[in-house]
Each structure stands twice: as C-alpha cells, then as structure tokens.
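The values are calculated or read from the model by the stated rules, or taken from the named source; none is laboratory data. Owing to the predicted nature of the structure, the values given are computational and were not obtained by experimental measurement. Quick reminder, even Gly has a Cβ in these numbers, built from the backbone with ideal geometry, and neighbours come from all protein chains shown. Keep in mind that these areas ignore ligands, DNA and RNA; they rest on the heavy atoms of the full protein, side chains included. Shrake-Rupley method; radii C 1.70, N 1.55, O 1.52, S 1.80 Å.
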Amino acid sequence: MHTATLTELSIALKNKKISSRELTEHFLARIKQYDPALNSFITVTAEQALQQADHADERYSKGTAGPLTGIPIAHKDIFCTDGIKTSCASQMLDNFIAPYDASLVTAFKQAGTVLLGKTNMDEFAMGSSNETSFYGSVKNPWDLARVPGGSSGGSSAAVAARLTPAATGTDTGGSIRQPAALCNLTGLKPTYGRVSRYGLIAFASSLDQAGPMTQTAEDAALLMNVMAGFDKKDSTSMDEPVPDYTQSLNDSLEGLKIGLPKEYFSADLDPKIAACIKKAIKHYESLGASIHAVSLPNCHLVIPLYYIIASAECSSNLARYDGIRYGYRCNNPKDLRDLYERTRAEGFGDEVKRRILMGTYVLSAGYYDAYYIKAQKIRALMIQDFAQAFKQVDILIGPTTPSTAFKLGEKTKDPVSMYLSDIYTIAVNLAGLPAVSIPAGFNDGLPVGMQLISPAFTEAKLLNVAHRYQQITDWHKELPENFK
Ligand code: GLN
C-alpha cells in the first residue's frame with residue numbers, strides 16, 4: 001500500500017478498498033520501523049493522525065470527501081501547526097508550540113488530509129545536506145552513509161522510503177529540488193507568490209516558497225490543487241487564477257521548444273549526470289519537442305549573489321529570536337544585554353550564525369552599496385536573462401545538482417563547497433520562477449535529478465512536461481532496496 005501514488009490511494013479510498021484509518025496505521029507503523037535509521041521526522045503526531053483519519057472516513061461515508069481526504073502527508077517542520085511543536089530544527093524553537101496554523105496547513109486540513117508529523121530539516125532551512133539540524137542529520141534511504149540533500153531532507157527521505165505518500169517542503173535556493181533529486185522524487189518549487197507564506201517561518205522572504213515533494217508529477221498536481229492560490233494574509237501572494245493542475249497533465253508536447261542553457265552543462269557537472277539528462281532529452285524529442293541552445297550569461301554569479309541576498313534577509317528575519325517573546329532563553333542572564341547575547345549564542349547553530357554575521361555585514365552602513373545594492377542590480381540582470389531565454393523557448397532543461405548524493409560529513413568543514421551544490425537551483429529563486437526536479441536515472445546506484453524551469457505561473461505546463469516523461473520512463477518507480 002505504501003508503494004501506491006496519491007492518485008492510486010485517492011481511488012482506493014473513494015472505492016472503499018481501504019479506509020483512511022488502515023492507511024494511516026500502515027504509515028505510522030512504517031515510521032516506527034524505519035525512521036530510527038533515517039531520522040526524517042522531528043515529531044510524529046500519531047494520536048491526532050488517527051483522529052483525523054476517522055474523521056476522513058466519516059466524510060467518505062457522508063459523501064463529502066474530496067480527492068485528498070484521508071491521505072496521510074507530512075509537513076516540513078518550518079510550517080506553523082496549531083498546538084504542535086514547530087521547531088525549524090533549531091534549539092531556538094525546540095520548545096515552541098505554534099499557536100496557529102500556516103495557511104498551507106489550513107488548506108490541507110480543509111482538504112481532509114491526515115498529518116503524520118513534522119519532518120526534519122536544516123536549521124532554519126539553511127543548508128544543502130540536512131546536517132545543520134539541531135536534531136541530527138537525516139540519512140539518505142538510497143545509502144545511509146549519504147546525505148538526503150537539504151534543507152527539506154526529512155521530507156525527501158520520508159517520501160523516498162515511503163514513510164509518507166507525500167510531503168511539503170520549502171525552497172529558498174533549491175531546498176525542494178535538490179533533496180528531491182538526491183532521493184529520486186518529484187519536487188516542485190512554485191512561482192514566488194503562488195503558495196502562501198503565511199505561517200512559514202521566514203528565512204529569506206524574497207526567495208522562500210513552499211511546494212510539494214511527491215513520487216510523481218501527477219501527485220504534485222494533486223497537492224498543488226490544494227496549496228496554490230491567493231491568500232490575503234500574505235502580502236506577497238499573487239491574485240492569479242489557479243488552474244486545475246491535473247487537467248493538462250496529458251497535453252501533447254508536439255511543437256514544445258526546449259532550451260538547454262549552456263551554462264548548465266559546464267565542466268562542473270558530473271559527466272554521468274550530463275549523460276542521463278541528454279538521454280532524457282532524446283525522449284522529449286521522441287514526444288515531438290525541439291531542442292535549442294540558450295544562454296543565461298549572468299548565471300555564473302548566482303552563488304555570491306544568493307549568499308549576499310539570502311544572508312541579508314535572514315539576518316533581518318532572525319533578529320526576532322531575542323529570548324523575550326518565545327523560544328529559547330538562556331539561564332540566569334545578568335542583564336538584558338547578556339540575555340540577548342547568550343540566548344542567541346546558545347540557541348543558534350554555527351551555520352545560522354555564519355549567515356547572520358554575513359548578512360549583518362553586507363547590510364552595514366559602509367558595505368550596503370558595495371554588496372547588497374550591487375547584488376540587487378545583478379539580480380535584475382538575471383531576471384532579464386530568463387526573460388530573454390523564454391522569448392526563444394517554452395521551457396529550460398538541465399541538471400538539478402552537479403553531483404549525486406554526497407557522503408555525510410564530506411562538505412561540512414567547507415561551507416563554500418556545500419554552497420556550490422545549489423549552483424543549478426538558485427537562479428530560479430532569484431528570478432521567482434517555477435521549476436521541478438524529476439528522476440532521470442541512476443549513477444552508481446544513486447538517483448539523478450533533471451530540472452525543468454518555465455515562465456512565472458506556468459506550473460501546469462511544467463507538470464505536464466514532467467508527467468509525459470514519467471509516462472514513458474520508470475525511474476520514478478524505483479525504490480531504495482531496504483525500504484520496499
Ligand atoms: N542550500 C541553500 C542554503 O543553504 C538553499 C536552502 C533553501 O532552499 N532553503 O541557503
């Protein structure tokens with residue numbers, strides 16, 4: 001039952017082949033059995049999940065169920081959940097019980113999904129390997145000595161090991177797509193403003209976006225039908241029409257123009273990954289698409305650009321953790337200054353402190369123009385690069401990551417090498433665009449992800465292009481040996 005997709009589970013529930021309680025009990029048992037090896041959950045909400053499952057079963061008998069009613073899911077521990085610990089994987093929020101639901105959480109409750117629990121992540125979503133979590137690193141189900149990617153690594157490991165049929169994640173510079181790629185999942189980062197950020201604990205507000213992490217593009221469409229839409233509680237949410245994302249999945253790709261950004265196939269890319277992507281492109285040609293070379297000339301600047309902008313925004317957003325209102329507070333402070341200093345020194349981990357320091361530096365009076373303003377100008381150029389490319393083609397395709405899952409501990413001593421693992425994902429966040437990573441093969445037994453990028457608010461097209469590929473390939477059906 002755990003190998004079924006959301007679409008299959010939805011049909012089984014509707015036809016009363018299975019009850020939500022049975023399904024929920026099955027996944028809770030899998031979490032109990034397998035999660036000690038993976039560490040993908042911070043909190044498991046078993047009791048509440050069973051109540052929600054019974055409620056969902058009632059909706060089925062009353063005929064008021066929707067497509068996702070009764071389906072278990074997990075939320076990244078960055079989304080506020082009323083009455084449930086919401087830690088952001090930080091000691092700073094280890095004792096924080098959220099007093100309200102994020103809008104996304106409310107939407108899933110209304111759809112009738114069952115919350116299995118909250119997934120592990122990098123502290124405040126800062127990281128690419130899930131090794132910065134206060135609760136310890138998450139292991140990749142494909143090889144327990146390797147990282148699942150980050151920062152939504154708990155969500156990716158949990159879905160890959162089928163401890164939950166689907167999960168939510170957030171993506172500020174690649175945190176949905178990169179872990180999806182390293183764990184053989186479909187991970188969609190929607191257009192900035194497509195999914196409400198209300199109740200999503202802020203890292204870098206101009207980049208953060210929530211999205212689905214699923215087995216297939218079809219499943220991502222089902223979750224997007226719940227998540228997407230305008231929310232007056234989020235001033236950056238966009239009031240754009242929301243299509244039914246499942247409707248266009250089977251559209252023909254005849255005449256589709258695919259662009260290959262030459263910067264995405266440079267020497268930094270593992271040649272075996274390049275070979276997988278090239279093979280996938282051949283499949284698209286067989287479906288009627290044409291292939292074109294394009295260029296994103298400012299893309300080589302993404303890493304410094306992102307680390308200036310994201311750090312600047314995080315230093316401002318994380319100023320709220322002062323030990324006064326909520327969260328961690330140091331013991332026996334001698335005065336107010338000592339309270340602030342020790343609370344923050346003890347409550348935040350090293351990577352978060354590194355970002356706060358960097359962000360405070362680039363925003364300081366003497367350096368604001370030289371770093372922050374300059375970065376914003378280059379960001380504008382990067383947005384133009386994509387606009388230019390989308391005048392020539394409908395969609396861009398490239399790798400999601402420069403390598404497959406790396407070993408735990410391999411990059412923790414060298415932050416810059418860690419930062420480089422997002423080299424192909426970050427530009428999309430800076431430009432506010434939607435992008436999806438889908439399984440495209442294996443290299444030495446480890447999953448390879450392919451990234452598809454499209455113009456703002458064209459997630460339906462993106463999922464259509466992803467789905468058509470998944471109809472003629474089986475990569476997404478592969479399961480890690482020890483979690484079948
Ligand atoms: N790895 C990137 C970082 O550490 C992106 C993280 C994210 O998307 N949340 O900032």
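Could you check region 1-33 and list, in sequence order, the residues that are open to solvent by 40 Å² or more (accessible area, probe 1.4 Å) and either in contact (Cβ under 8 Å) with a residue 40 or more places away in the chain or within 28 Å of Asn130 (Cβ to Cβ) (or both)?
Filtering region 1-33 down to residues open to solvent by 40 Å² or more (accessible area, probe 1.4 Å) leaves 1, 3, 8, 11, 14-17, 21-22, 25-26, 29, 32-33.
Across region 1-33, the qualifying residues are Met1, Thr3, Lys14, Lys16, Glu25, His26, Ala29, Lys32, Gln33.
When you check Ser156 against the structure, is it within 9 Å of the chain's Cα centre (by Cα), buried (at least 24 other Cβ atoms within 10 Å of the Cβ) and away from the ligand (no atom under 12 Å from the Cβ), yes or no? Step through it out loud before you land on a result.
Details: within 9 Å of the chain's Cα centre (by Cα): yes; buried (at least 24 other Cβ atoms within 10 Å of the Cβ): yes; away from the ligand (no atom under 12 Å from the Cβ): yes.
Spelling it out, Ser156 is indeed within 9 Å of the chain's Cα centre (by Cα), buried (at least 24 other Cβ atoms within 10 Å of the Cβ) and away from the ligand (no atom under 12 Å from the Cβ).
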Practice task
Kindly indicate which of Leu357, Leu363 is surrounded by fewer than 16 Cβ atoms within 10 Å (Cβ to Cβ) and more than 23 Å from the chain's Cα centre (by Cα).
Solution key: Leu357
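Taking the stated definitions as given, is Asp414 surrounded by fewer than 20 Cβ atoms within 10 Å (Cβ to Cβ), within 15 Å of the ligand (Cβ to nearest atom), within 24 Å of Ser129 (Cβ to Cβ) and charged (D, E, K, R)? Can you show your working first?
Working: surrounded by fewer than 20 Cβ atoms within 10 Å (Cβ to Cβ): yes; within 15 Å of the ligand (Cβ to nearest atom): yes; within 24 Å of Ser129 (Cβ to Cβ): yes; charged (D, E, K, R): yes.
Yes.
From the list Tyr469, Tyr419, exactly one residue is under 22 Å from Leu222 (Cβ atoms) and touching a residue at least 24 places away in the same chain (Cβ under 8 Å). Which is it?
Details: Tyr419 fails: under 22 Å from Leu222 (Cβ atoms).
Tyr469 is the lone residue from the list that is under 22 Å from Leu222 (Cβ atoms) and touching a residue at least 24 places away in the same chain (Cβ under 8 Å).
Just the residues that are without any contact (Cβ under 8 Å) to a residue 24 or more places away in the chain, assigned to a helix (DSSP H, G or I) and either within 13 Å of the ligand (Cβ to nearest atom) or among the charged types (D, E, K, R) (or both), please, taken from region 297-326. It would help to see each step written out before you state the result.
The first filter runs over region 297-326 and keeps only residues without any contact (Cβ under 8 Å) to a residue 24 or more places away in the chain, leaving 319-320, 322, 324-325.
Going one step further and asking which of them are assigned to a helix (DSSP H, G or I), we end up with 319-320.
The one that is without any contact (Cβ under 8 Å) to a residue 24 or more places away in the chain, assigned to a helix (DSSP H, G or I) and either within 13 Å of the ligand (Cβ to nearest atom) or among the charged types (D, E, K, R) (or both): Arg320.
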Completion exercise
Residue pairs qualifying under the 7 Å Cβ cut-off, at least six apart or on distinct chains, with the first in region 102-115 being over 14 Å from Met224 (Cα atoms) and the second being small (Gly, Ala, Ser) and part of a loop (DSSP other than H, G, I, E, B), are Ala102/Gly199; Gly112/Ala65; Gly112/Gly66; Gly112/Gly70; Val114/Gly70
Practice task
Would you be able to say whether some residue in region 197-214 is modelled with pLDDT of 95 or more, part of a loop (DSSP other than H, G, I, E, B), among the basic types (Lys, Arg) and away from the ligand (no atom under 16 Å from the Cβ)?
Solution key: no
Completion exercise
Counting only residues that are more than 16 Å from the ligand (Cβ to nearest atom) and more than 24 Å from Tyr135 (Cα to Cα), region 340-365 contains a total of 5
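Taking the condition aliphatic (A, V, I, L, M) and open to solvent by 70 Å² or more (accessible area, probe 1.4 Å), does Ala375 pass?
Criteria not met by Ala375.
What residue, among those in region 217-237 that are acidic (Asp, Glu) and within 14 Å of Gln247 (Cα to Cα), is nearest to the chain's Cα centre (by Cα)? Write out each step before concluding.
Residues of region 217-237 that are acidic (Asp, Glu), as a first pass: 218-219, 231, 234.
With the extra rule that they be within 14 Å of Gln247 (Cα to Cα), the set shrinks to 218-219.
Working: Glu218: 17, Asp219: 15 Å.
By that ranking, first place goes to Asp219.
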Exercise for the section: Residue by residue through region 327-348, note down the ones that are under 23 Å from Thr86 (Cα atoms), open to solvent by 60 Å² or more (accessible area, probe 1.4 Å) and assigned to a loop (DSSP other than H, G, I, E, B). Expected result: Arg329, Asn331
Exercise for the section: Give region 423-454 a look and list any residue that's within 15 Å of the ligand (Cβ to nearest atom) and either open to solvent by 10 Å² or more (accessible area, probe 1.4 Å) or of a type in the set (S, T, N, Q) (or both), or say none. Expected result: Ile423, Thr425, Asn429, Ala431, Gly432, Leu433, Ser437, Gln451
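Hey, can you tell me all the residues within region 159-175 that are assigned to a loop (DSSP other than H, G, I, E, B), crowded, with 24+ Cβ neighbours inside 10 Å and more than 13 Å from the ligand (Cβ to nearest atom)? Show your work before the answer.
Kept after step one, since they are assigned to a loop (DSSP other than H, G, I, E, B), are these residues of region 159-175: 161-166, 171-175.
Checking the rest, the ones that are also crowded, with 24+ Cβ neighbours inside 10 Å come to 161, 163-166, 171-175.
Listed by number, the residues that qualify are Ala161, Leu163, Thr164, Pro165, Ala166.
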Exercise for the section: Go through the residues of region 67-77 one by one and say whether even a single one is surrounded by 24 or more Cβ atoms within 10 Å (Cβ to Cβ), within 15 Å of the chain's Cα centre (by Cα), of a type in the set (A, V, I, L, M) and away from the ligand (no atom under 16 Å from the Cβ). Expected result: yes
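Give me the residue from region 176-195 that is open to solvent by less than 10 Å² (accessible area, probe 1.4 Å) and part of a loop (DSSP other than H, G, I, E, B) and, out of that set, nearest to the ligand (Cβ to nearest atom). Explain how you work it out, then say what you get.
Filtering region 176-195 for residues open to solvent by less than 10 Å² (accessible area, probe 1.4 Å) gives 176-191, 193-195.
Of the ones still in play, those that are also part of a loop (DSSP other than H, G, I, E, B) are 176, 184-185, 190-191, 193-194.
Working: Ile176: 7, Asn184: 19, Leu185: 15, Pro190: 13, Thr191: 15, Gly193: 17, Arg194: 16 Å.
Only one residue tops the list, namely Ile176.
So in region 78-89, with the set limited to residues that are part of a loop (DSSP other than H, G, I, E, B) and under 9 Å from Ile201 (Cβ atoms), which one is nearest to the chain's Cα centre (by Cα)? Reasoning before the result, please.
Keep residues of region 78-89 that are part of a loop (DSSP other than H, G, I, E, B), which gives 78, 80, 82-83, 86-89.
Cutting the leftovers down to under 9 Å from Ile201 (Cβ atoms) gives us 78, 80, 86, 88.
Working: Ile78: 11, Cys80: 16, Thr86: 17, Cys88: 14 Å.
Here the residue is Ile78.
Taking the stated definitions as given, is Ala289 at negative phi, among the small types (Gly, Ala, Ser) and touching a residue at least 60 places away in the same chain (Cβ under 8 Å)? Give the steps one after another, and end with the answer.
Values: at negative phi: yes; among the small types (Gly, Ala, Ser): yes; touching a residue at least 60 places away in the same chain (Cβ under 8 Å): no.
The answer is no for Ala289.
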Exercise for the section: Being in a loop (DSSP other than H, G, I, E, B), more than 16 Å from Leu318 (Cα to Cα) and within 16 Å of the ligand (Cβ to nearest atom) is the filter here, so list the residues in region 103-126 that pass it. Expected result: Asn120, Met121
Practice task
Report whether or not Asp239 is open to solvent by 10 Å² or more (accessible area, probe 1.4 Å), among the acidic types (Asp, Glu), in contact (Cβ under 8 Å) with a residue 60 or more places away in the chain and in a loop (DSSP other than H, G, I, E, B).
Solution key: no
